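Following: one structure in structure tokens, then a few remarks.
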Number of protein chains: 2
Amino acid sequence: MNAVLLTVGDELLIGQVVNTNAAWLGEHLNTLGVDVVRMVTVGDDIEDIKRELRRGYEVAELVIVTGGLGPTHDDVTREAVAEFFGVDLEFDPEIFARVRERFERKGRTVPESNRTQAMVPRGFTVLPNPVGSAPGLWYAEEVGSSERLIIVLPGVPYEMKYLMLHEALPRLRERKGLRIIAHRTILTTGIGESHIQERIGDLSGMLGPNLRLAYLPGSSGVRLRITAYGNTRAEVDAAIARLESHIRERIERYIYGTKDDTLEAVVGHMLAERGLTISVAESCTGGFVLNRLTNVSGSSAYVVGGIVAYSNQVKIGQLGVSPEVLEEEGAVSETVARQMAAGVRRLLGTNIGISTTGVAGPTGGTPDKPVGTVWIGYADEEGDRAVRLQLAEERILNKELTSTAILDMIRLHLLGLS
Amino acid sequence: MNAVLLTVGDELLIGQVVNTNAAWLGEHLNTLGVDVVRMVTVGDDIEDIKRELRRGYEVAELVIVTGGLGPTHDDVTREAVAEFFGVDLEFDPEIFARVRERFERKGRTVPESNRTQAMVPRGFTVLPNPVGSAPGLWYAEEVGSSERLIIVLPGVPYEMKYLMLHEALPRLRERKGLRIIAHRTILTTGIGESHIQERIGDLSGMLGPNLRLAYLPGSSGVRLRITAYGNTRAEVDAAIARLESHIRERIERYIYGTKDDTLEAVVGHMLAERGLTISVAESCTGGFVLNRLTNVSGSSAYVVGGIVAYSNQVKIGQLGVSPEVLEEEGAVSETVARQMAAGVRRLLGTNIGISTTGVAGPTGGTPDKPVGTVWIGYADEEGDRAVRLQLAEERILNKELTSTAILDMIRLHLLGLS
């Protein structure tokens, strides 16, 4: 089953509001096996809405419209939908009574303009909205041998979600025999998109219309998304498992998790499981590594703390970095990274100490150490070592990339892979 | 001038990625006076892309396409655009050389698949991309008396933004005579939306179709966006200035900046100007305050460093917090916040020391100190003090809100307003 999403609102076109509704609807419909084939945003204009409804039904049986159900004059979705289906708008006293009650509960009287929110296109089913004043609408129409289904929802995200989850989706599931679709997202880091492709090799024998693979790069690494379609759950699960194990065999060391896992949570879980504690000495990342580690609930079990050593004075005074090494090799150097990691480990008495020192940018680069030159250090009871990275040109991106690299360094160490 | 945005990517349709590009583009085009009349998202499919290009030019002179420029087989935007305009794709050795250079700088060899990123539709202008591997494209074609303009950009947000700001927008401004619209965003913190509204008072005499005010709340505070329309620059500037000064008179102390200012940059600028240094002792924020401070380029001039004291052991051993106070009042208390701020200031020898200690959540709350209870401390040569906050229930939001509150505490201190 195909669907088109139509989100209505001038505020979306001028970028005042990010369209999170579309992503949320896309994800939930997809899980149900409905393919969203297009998402369209138009302003609060009757003709634009009618045109996109028409175009929507050219490729999809279901159109979901959100937004434009408010009480003000620029909310015209109700009117546009009624005109498109060629029916009148009728006043529904029950809806208005509920709206009035909502206002009165807050000690306010209902404005006359809210009457428009009680207007319903004739023949449409009202989806009651206990969390706001605009109800949703549901309508199905036979056109020859096919059907046109419409779901109209308010644009306020929590109202839209409430009505979708409690009213629209159950109706949809009940009404339609929907095919099965499943996803699996594999999270990698430390390897680029094209190198993954090279290692995985030619998949043309495996991939096809019922099994797809997408590469989604980001600052934490490349996510690989497998999508499978089929008639039974067993069939799609088997296809996904086959492709996943093919991928895992080839790039296992780069895979840190699946789905919504984060590298900091994966690493944190490994530390907690082994009863290890960690401390961090940060220069170029300025607290970002500690911030990521402590974003994980329960991280106080293994994060003891850290030193943000932005100045050389703190590197020397707190972490015991040698002034001579700073002088001779510079703050961005292998020895300093190693001394920082070992120093914070000793100072805070943890099992593991890690460090970052680099040229985050945009200024401060030299021919030898251009912007993006970073050393990350790792110390444990067996000793210390450091690795040089050559990253990007943008300061905040460099902090992100460095933090990902050092978190991955911990992961690989704990797995004995480095 | 009308524009249609076309964002391409299966990941958008299944809701894996929220389409922030569309909002960003909408906002920036709007500022320039370009009306975005439709935003469309389709999957990685040549025919879908071509169809939406055709429909786009039915209502707009400009179509901006983002996404689908990667090196893998599912990236088909380049091909679709070339087919739509009826031109061949040609290999551009210069682009490939730059891509190869980017790989080699990182000590990697460029994979063969990246050659596709150097393919350019004949006659198109290449917009060089120094921050990624896919360049943008620009093309203008006369059709009868009108024109078809296309801008093709990568989907990775920071690459898209870079190319838009540095390449596409300047070309667009130069080429077209555009009507005048101007925005002014005033950034506030420490005051809620409804309290701002109460203080500003009734604006119905000032606002109208040519002068608008929007309230945009977020975790850093409420942004107030003034928008003015007019025929001359002088006219819109005067209208904005009038409304801005009305607002400033009423809520001056809460305003920390305008436009893209960040609280950390504003505070950093104040510190740098006065030649003051700062250090931070963080517990519940776990490095986030230091991270924000060091996101500012040039922050090494005033950020000496800090201690992330996640465990009591670090609070006592590094910061000199009294074990008796920890025992009697608990880590989340006024005295601990004050001792942490004074301790880090003394330890790192800075003019100012600040601190955070609280229950970030989601667990760890007690009846006395529920989740969201936070103390922030401030120490300088005149002494130390702390303020209690009662924030939210969500861990990461609490880190954000706490960091905003402590940064604003510095600002108000330096201004003599606290």
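The values are calculated or read from the model by the stated rules, or taken from the named source; none is laboratory data. What you are looking at is a predicted structure, and each value in this text was computed from that prediction instead of being measured. Cβ atoms come from the backbone with ideal geometry, glycine included; neighbour counts cover every protein chain shown.
Under the condition of being more than 7 Å from chain B (Cβ to nearest Cβ) and more than 32 Å from the chain's Cα centre (by Cα), the residues counted in region A:282-312 number 1. When each of B:Val131, B:Val110, B:Val120 is tested for being in a strand (DSSP E or B) and either in contact with a Phe, Trp or Tyr (Cβ under 9 Å, 6 or more places away or on another chain) or among the aliphatic types (A, V, I, L, M) (or both), the lone residue that passes is B:Val120. For B:Glu94, indicate whether it is more than 30 Å from B:Thr402 (Cα to Cα), at pLDDT 90 or above, outside any strand (DSSP E or B) and in contact with a Gly (Cβ under 6 Å, 6 or more places away or on another chain). Taking the combined requirement at face value, the residue does not satisfy it. Out of B:Val131, B:Val152, one residue alone is touching a Gly at 6+ places or on another chain (Cβ under 7 Å) and either more than 14 Å from chain A (Cβ to nearest Cβ) or surrounded by 17 or more Cβ atoms within 10 Å (Cβ to Cβ) (or both). It is B:Val152.
Looking across region A:347-388, the residues that are assigned to a strand (DSSP E or B), among the aliphatic types (A, V, I, L, M) and surrounded by 19 or more Cβ atoms within 10 Å (Cβ to Cβ) come down to A:Ile352, A:Ile354, A:Val374, A:Ile376, A:Ala379, A:Ala386.
Go through (1) under 26 Å from the mean Cα position of the chain (by Cα); (2) closer than 30 Å to B:Arg345 by Cα one by one and return the number of the condition B:Gly275 breaks. The single condition B:Gly275 does not satisfy is (1). Contact map, region B:112-138: first residue within 21 Å of A:Pro362 (Cβ to Cβ), second residue among the aromatic types (Phe, Trp, Tyr), Cβ cut-off under 6 Å, separation 6 or more or different chains; pairs are B:Leu127/B:Trp138; B:Val131/B:Tyr162. Select from region B:85-117 the residues that are hydrophobic (A, V, I, L, M, F, W, C) and closer than 17 Å to A:Gln197 by Cβ and list them in ascending order. Scanning region B:85-117 gives B:Val99, B:Phe103, B:Val110. Residues that are buried (at least 16 other Cβ atoms within 10 Å of the Cβ), more than 14 Å from every other protein chain (Cβ to nearest Cβ) and in a loop (DSSP other than H, G, I, E, B) do not occur anywhere in region A:200-212.
Residue by residue, here is whether (1) assigned by TED's automatic domain parsing to the domain that holds B:Ala405; (2) touching a helix residue (DSSP H, G or I) at 6+ places or on another chain (Cβ under 9 Å); (3) free of Cβ contacts under 8 Å to residues at least 24 places away in the same chain holds:
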residue: B:Glu141; (1), (2), (3): no, yes, no
residue: B:Leu163; (1), (2), (3): no, no, no
residue: B:Ser194; (1), (2), (3): no, no, yes
residue: B:Gly201; (1), (2), (3): no, yes, no
residue: B:Gly208; (1), (2), (3): no, no, yes
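Restricting region B:313-328 to residues that are under 30 Å from B:Ala272 (Cβ atoms) and either free of Cβ contacts under 8 Å to residues at least 24 places away in the same chain or surrounded by 24 or more Cβ atoms within 10 Å (Cβ to Cβ) (or both), which is nearest to the other protein chains (Cβ to nearest Cβ)? Only one residue fits best here, namely B:Val314. Every test in (1) in contact with a Pro (Cβ under 8 Å, 6 or more places away or on another chain); (2) more than 7 Å from chain A (Cβ to nearest Cβ) is passed by B:Leu32 save one, and that test is (1). For A:Val81, the criteria (1) part of a helix (DSSP H, G or I); (2) farther than 26 Å from A:Asn19 by Cα hold in every case but one, which is (2).
Let's see how each residue does on (1) more than 7 Å from chain A (Cβ to nearest Cβ); (2) under 18 Å from A:Asn21 (Cα atoms); (3) outside any strand (DSSP E or B):
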{"site": "B:Ala3", "(1), (2), (3)": "yes, no, no"}
{"site": "B:Glu11", "(1), (2), (3)": "no, yes, yes"}
{"site": "B:Val18", "(1), (2), (3)": "no, yes, yes"}
{"site": "B:Trp24", "(1), (2), (3)": "no, yes, yes"}
{"site": "B:Val36", "(1), (2), (3)": "no, no, no"}
{"site": "B:Glu47", "(1), (2), (3)": "yes, no, yes"}
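Restricting attention to region A:1-46, the residues that are of a type outside the set (A, V, I, L, M, F, W, C), without any contact (Cβ under 8 Å) to a residue 24 or more places away in the chain and either more than 30 Å from A:Arg233 (Cβ to Cβ) or buried (at least 24 other Cβ atoms within 10 Å of the Cβ) (or both) total 5. A count restricted to region B:315-335 and to residues that are closer than 17 Å to B:Gly353 by Cα, in contact with a helix residue (DSSP H, G or I) (Cβ under 6 Å, 6 or more places away or on another chain) and not in a loop (DSSP other than H, G, I, E, B) stands at 2.
The residue pairs whose first member lies in region B:390-403 and is facing chain A (nearest Cβ under 10 Å), whose second member is crowded, with 16+ Cβ neighbours inside 10 Å and in a helix (DSSP H, G or I), and whose beta carbons are closer than 6 Å, counting only pairs six or more residues apart or on different chains, are B:Lys399/B:Phe288; B:Ser403/B:Phe288; B:Ser403/B:Val289; B:Ser403/B:Arg292. In the set (1) farther than 17 Å from B:Thr350 by Cβ; (2) surrounded by fewer than 24 Cβ atoms within 10 Å (Cβ to Cβ); (3) modelled with pLDDT of 95 or more, B:Gly286 fails one condition alone, (2).
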